[in-house]
1. Can you give the three extents of the C-alpha atoms in the protein assembly as shown along their principal axes, from longest to shortest, in whole Å?
2. Say the cut-off is 22 Å between C-alpha atoms; which of A:LYS107/A:LYS172; B:LYS79/B:LYS114; A:LYS137/A:LYS196 go over it?
3. Please list B:16-26, B:149-159 highest first by mean number of surrounding beta-carbon atoms within 10 Å per residue.
4. Taking the Cα centre of the stretch A:88-235 as origin, work out the dipole magnitude from +1 charges on Lys and Arg Cβ and -1 charges on Asp and Glu Cβ, in debye rounded to 20.
5. Which percent, nearest 5, of DSSP beta bridges in the protein assembly as shown are antiparallel?
6. A 22 angstrom limit on the alpha carbon distance is what I want to check against. Which of A:LYS17/A:LYS348; A:LYS299/B:LYS47; B:LYS12/B:LYS217; A:LYS131/A:LYS348; A:LYS40/A:LYS348 exceed it?
7. Pairs A:LYS134/A:LYS159; A:LYS159/A:LYS207; B:LYS6/B:LYS62: which exceed 20 Å Cα-Cα?
8. Provide the packing ranking of B:40-51, A:182-193, i.e. peptides ordered by the mean count of other C-beta atoms within 10 Å per residue, highest first.
Amino acid sequence: MTLWDIIGSSLKRRWRKAIILTVGLFLATSISVALFSASKAMREEVADSFDLIGANISIIPTQEELSLNYGGISLAPSQKDTLLQDEALQKIRTIANAESIARVAPKVLGHITSDGQPVTVVGVSFADELKMKKWWKITGDQPRGGADILIGENLAAEKGWHTGQSIDLNGKTFRIFGQLVPTGSDEDNLLFMDWKQAQDLLQMQGKLSFIEVSALCSTCPIDDITAQIGTVLPGSQVTALKETLVAREGIVDRFTTLSLVVGAVTAIAGMLLVFLLVSSTIRERTKELGILRSIGFRKSHLMQMLLSEVALLTIPAGAAGYLAGLSLSRWAAPIIVQMDVTVPWNGKEALLSVGITVLLGLTASLVPAWRGASKDPVEAMRML
Amino acid sequence: MSVLLKTDQISKGYGLGENRVTALQEINLSVLEGSFLALVGPSGSGKSTLLTLLGGLNRPDKGTLWIDDIDVYGLSGEKMADFRREYIGFVFQQFHLMPYLTALENVMLPLAVKKMAVQEQRQRAIALLERVGLAGKEHRLPHQLSGGEQERVAIARAIVNKPPLILADEPTGALDSQMGEQIMELFQELHRDGLTIIMVTHNLDYLRYVSQAAYLKDGRLQKVEEIS
Ligand SMILES: Nc1ncnc2c1ncn2[C@@H]1O[C@H](COP(=O)(O)OP(=O)(O)OP(=O)(O)O)[C@@H](O)[C@H]1O
Ligand SMILES: [Mg+2]
């Protein structure tokens, strides 16, 4: 006979209450886990979307004369002395909130003439650009070298160029690795190449037309970043483009708040259930507890027994609750927020939810268990 | 024979204010090792109260109790539980068995909080059940046993830990006279084996089994009689 044998027999005898307690805590845990993991996945998805939406900060040189237009930003390529310098790329990385900066994408803009017609060239860092412009659909290859270029659909049609073709621009040979599927914007008329190549081609060595920055603003205030960049790059105009995500962030924030409230209410309801069930079984067992005290069980032995019983029921409730809650959020989260969210399994969170469930169960049982264990054994044994 | 138990001026009352009832007044009692003492007296005279006090199941308002030179009421709550486990075996009129444990498990129960191997616990409990005449009924639940049999399980449970002192509160009270006699014979055997027993009884016939009788009235100890 060990304390565990007594616990086992007692649970077997009161299996109905044991099942109600387990199922109740299972439901509470699964609801909380579902809400928590759904809102967490949504928050992460919004953070990821900054990459998807692309740059959310643009930096352009301050200037008066406006002549060139790209992506809604007006530029004056002729005034080369007002352009940004290459060093700007490093300087941006030195701001206080530098860890929030995901990508810094340089742009070099200019015109060249090909077959007597003007072509607008955009020098980019392909590695960053292709990541930031996830909406770009490219037919063709990945860029392989410095001489690889990407062309807009309209430009391709106009010039009769196609993927894989080598073309000559100002006496240099370039290879077209891909064609941009129409985006309906200026991009359809442009020719994209590596920014270093563009600087050479356009005689703009060391100069940049503008810079796009993508910052992970779920972790920082974007206005601070904008101000910090303005300080390290005097003479430039730093603008935040944040409207796109604000609305979605609002939904996610509201959902997170709702989840916290519902989660807290569920946890409290779960604890109340445990409190009531444990109180009622302990009331039923008052006499038993008195008998055990009379044969020399310590109060602490009784506490250990009563709390172990609860722990034994809450562990499976927590584990099953995590599995069910996560399955629920994997299924429901994309539907609720109309987002393509993924909710991954997470061992640490599984352990945490088991731990929290057990802790809540034990906390709720503490007072009734103590009351039962402390009851005067003589009084207790008088009970029927 | 040495003194196993000695009380000094034990008093105990219940309730508050006008409802205050004095259950025991200044009890001085001394019990030698190996005695079989009957506590007799009218209903409400304080017999059960005294028994719970002697077993450290309750604390008095005043007074001291020494058992084996331990100042029992000087012990903290948890130490008092340890004391009960090692020194006292209680037997109650209502048996007070755990309803969902078998006879064998009920007997092993006091050993559950000791670090004794389960195999040894079983051997001891089976031997005791045989001794009280319940061989073959080890795996019955209390409700599958007669009153006399349940009382035997309770007695086996009381002695499984080899305590020096057995405290029994009307162990025959719920049994018919034939069963009562059998239980008294069992106590007599335990007494002969050297156990010290204090037993509350209403039945003066049973005084022939005991070595001493203590008479209580209105919470006072009237006299202690030697019985040959
Ligand atoms: N828990 C209690 N609360 C209030 N009064 C009590 C309590 N227990 C006992 N008493 C009172 O204390 C006195 C002694 O009671 P006790 O149970 O010790 O008597 P007893 O001799 O065992 O009686 P009986 O032979 O009927 O069992 C009685 O007057 C009883 O009413
Ligand atoms: Mg009584």
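Where a number appears in this text, it was derived from the coordinates with a stated rule and is not lab data. Since the model is a prediction, treat every value here as computed from it, not as a measurement. All Cβ positions, even for glycine, are placed from backbone atoms using ideal geometry, and neighbour counts span all protein chains on display.
1. Principal-axis extents of the Cα atoms in the protein assembly as shown, largest first: 139, 50, 38 Å.
2. Violating the 22 Å limit, Cα to Cα: A:LYS137/A:LYS196.
3. Working: B:16-26: 12.5, B:149-159: 25.6.
Ranking, from highest mean packing down: B:149-159, B:16-26.
4. Taking the Cα centre of the stretch A:88-235 as origin, the dipole is about 340 debye.
5. Working: 56 of 83 bridges.
Rounded to the nearest five, the antiparallel share is 65 percent.
6. A:LYS17/A:LYS348; A:LYS299/B:LYS47; A:LYS131/A:LYS348
7. A:LYS134/A:LYS159; A:LYS159/A:LYS207
8. Numbers: B:40-51: 20.1, A:182-193: 17.4.
So the order, starting with the most tightly packed, is B:40-51, A:182-193.
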